[in-house]
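Before any comments, here is the structure.
The values are calculated or read from the model by the stated rules, or taken from the named source; none is laboratory data. Here the structure is a predicted model, which is why all the values come from computation and not from measurement. FYI the Cβ positions are ideal-geometry reconstructions off the backbone, even for glycines, and counts take in every protein chain you see.
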Amino acid sequence: MVTYRVGKCLLRYHLTVNKMTQQELAEQTGMTKQTISRYANNSHVMSYQAALNIAKKLNCQMEDLYEIFTE
């Protein structure tokens, strides 16, 4: 049986690819810049809802926001 483990957040990468700042993403998602910063710095894990909203604004899949390892 394959299991999955979530690694570090890749939000900084996706912000760079989309030429977007943390502040811009915060404004577009209705989150605070501090919340976005916590996700980008790997000090908090996104909720399903947050990941969905962020992924839609960054034109990626929710799974793309984190490293995913198979075990």
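General observations
- Test: residue in region 50-58 that is without any contact (Cβ under 8 Å) to a residue 40 or more places away in the chain, at negative phi and more than 12 Å from the chain's Cα centre (by Cα): no
- Taking region 22-43 as the range and being surrounded by 15 or more Cβ atoms within 10 Å (Cβ to Cβ) and within 23 Å of Thr70 (Cα to Cα) as the test, the residues that pass are Tyr39, Ala40.
- Residues that are more than 14 Å from Leu65 (Cβ to Cβ) and free of Cβ contacts under 8 Å to residues at least 24 places away in the same chain, drawn from region 1-21: Met1, Lys19, Thr21
- Test result for Ser43, among the small types (Gly, Ala, Ser), part of a loop (DSSP other than H, G, I, E, B) and out of contact with any Gly (no Cβ under 8 Å at 6 or more places or on another chain): yes
Residues are listed down the side, and each one gets a yes or a no for (1) farther than 23 Å from Val2 by Cα; (2) in contact with a Ser or Thr (Cβ under 6 Å, 6 or more places away or on another chain); (3) of a type in the set (S, T, N, Q):
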{"site": "Met31", "(1), (2), (3)": "yes, no, no"}
{"site": "Ser37", "(1), (2), (3)": "yes, no, yes"}
{"site": "Ser43", "(1), (2), (3)": "yes, no, yes"}
{"site": "Tyr48", "(1), (2), (3)": "no, no, no"}
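- Residue in region 57-69 that is of a type in the set (Ser, Thr, Tyr), at pLDDT 95 or above and in contact with a strand residue (DSSP E or B) (Cβ under 9 Å, 6 or more places away or on another chain) present: yes
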